[in-house]
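Note sheet for the following structure.
Taken together, the values in this text are just the output of simple stated rules run on the coordinates, not laboratory data. What you see is a predicted model; the values in this text were computed from it and never measured. Virtual Cβ from ideal backbone geometry, glycine too; neighbours counted across all protein chains shown.
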Amino acid sequence: MADHRQIDFGHNIDSFEREILDDINDKLEPYIQMSMEERYYLNGIVRKAKPKKILEIGTALGGSAALLLNATRNIDGAKVLSLDYSTQCYIMPEKQTGWIVPELFPELAKRWEFHGGGCVCQYLEGGGGGFDLLLLDTVHSNPGEFLNILEALPYLKDGAIVVLHDTSQWTTWGKELQCTNQILLSTLKGKRILFDDAACPVIPCIGGIVLDKIDHDMLWGLFTNIALPWVNSLPYIDYVTLARYFDQHYDRDLVDIFKRSAIWHRQRDLLIAEVRMQNQTPLLERQHGLFSAMIQFIRRIKSKCRCILTTRKL
Ligand SMILES: C[S@@+](CC[C@H](N)C(=O)[O-])C[C@H]1O[C@@H](n2cnc3c(N)ncnc32)[C@H](O)[C@@H]1O
């Protein structure tokens with residue numbers, strides 16, 4: 001396999017070896033959550049780079065997993081590992097996540113492995129790593145993929161390719177809160193794999209990059225992304241799992257940004273719940289309640305931060 005940094009992906013990688021995807025495209029159509037152009041782009045990158053180990057995070061019905069397996073069908077020893085937060089397919093709850101791979105593409109399924117249920121980092125630990133390519137396509141709203149990328153990075157090869165889906169959800173689909181992958185793609189540093197997608201008014205809704213060496217500066221950007229506003233809250237069990245995992249793989253100053261953000265957002269959620277309750281009480285009492293809730297909020301944050309810093313010193 002060639003050094004990805006030496007590959008010339010050109011500006012129309014979406015037209016490279018389309019016929020490989022065309023072999024399964026009709027069968028794939030009802031199940032994949034990517035437009036035709038996005039599929040050709042991903043297929044072209046895989047055909048050009050010839051990765052042996054592919055990691056997919058965000059599987060749904062299994063459409064993109066089938067595409068990846070098909071694109072690597074004549075690459076000796078190529079394997080795809082798909083991971084998802086849920087074992088139950090979120091679009092068809094009566095089916096397992098990724099179900100179309102074994103049911104509709106049994107000849108491809110021999111080179112496929114799937115794990116699901118909770119934070120995906122649990123399935124990466126002890127799994128060997130050395131992935132040549134990552135396809136990341138999960139929540140698209142914060143913190144979503146900001147956390148997923150930090151789960152995956154320790155297991156990617158030097159100079160791995162990262163492909164992010166749904167990178168222009170605002171200008172293409174009007175979804176203003178789904179900006180996570182657009183920010184993430186801009187934060188990652190490396191050689192960008194560009195193409196034009198006429199269906200997208202500003203930038204394509206899929207993007208790829210051949211990663212530079214991961215240094216503290218790049219990680220700083222990736223961790224500080226987590227401090228942006230969250231649309232989704234993080235279950236406590238996930239917080240614990242991720243905090244432990246990040247502690248093992250990253251420097252303390254970086255992991256503290258994650259911990260502080262998670263604590264801040266939890267406190268904010270509690271404050272909002274308290275204010276909602278206050279709204280059911282008379283005005284004067286309500287103003288007093290809001291004021292004291294804010295004071296308590298600031299005090300809690302201060303004491304949690306003090307607690308983290310004290311734990312660090314121990
Ligand atoms: C947009 S769908 C993936 C579509 C698929 N890549 C395709 O193109 O056919 C998003 C998937 O991400 C999963 N997901 C959501 N949050 C996640 C998380 N924190 N970690 C891993 N997977 C997650 C969902 O369960 C869902 O199956």
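Across the chain, how large is the tail of the calculated P(r) beyond 37 Å, expressed as a percent of all Cα pairs? Percentage above 37 Å: 21. To the nearest 10 degrees, how steep is helix 18-28 against the longest Cα principal axis of the chain, on a 0 to 90 scale? The answer is roughly 60 degrees.
Counting only alpha carbon atoms, the long axis of helix 283-313 and the longest principal axis of the chain meet at about 60°. Relative contact order, percent, of the chain when contacts are C-alpha pairs under 8 Å separated by at least 6 residues? Contact order relative to length: 14 percent.
If each DSSP helix of 4+ residues adds -39,500 (n - 2.57) and the sum is divided by the residues in the chain, what number results at 222 nm, nearest 500 deg cm²/dmol? Walk me through the numbers before you get to the answer.
On the way: 13 runs with 151 residues, N = 314.
One gets -15000 deg cm²/dmol as the mean residue ellipticity at 222 nm.
Taken as Cα centroids, the range 50-70 and the range 240-255 sit 27 Å apart, rounded to the nearest whole angstrom.
Of the listed pairs Lys157/Lys191; Lys50/Lys213; Lys79/Lys213; Lys53/Lys189, which have alpha-carbon separations greater than 18 Å here? The answer is Lys50/Lys213; Lys79/Lys213; Lys53/Lys189.
Taking Cα atoms only, the orientation of helix 236-249 departs from the longest principal axis of the chain by about 70 degrees. Convex hull volume of the Cα atoms of the range 1-127, normalised per residue: 114 Å³. Taken along the Cα-to-beta-carbon direction at a fixed 7 Å, the label points for Arg73 and Glu176 span 4.5 nm.
Among beta bridges from DSSP that stay inside the chain, the antiparallel ones total about 35%.
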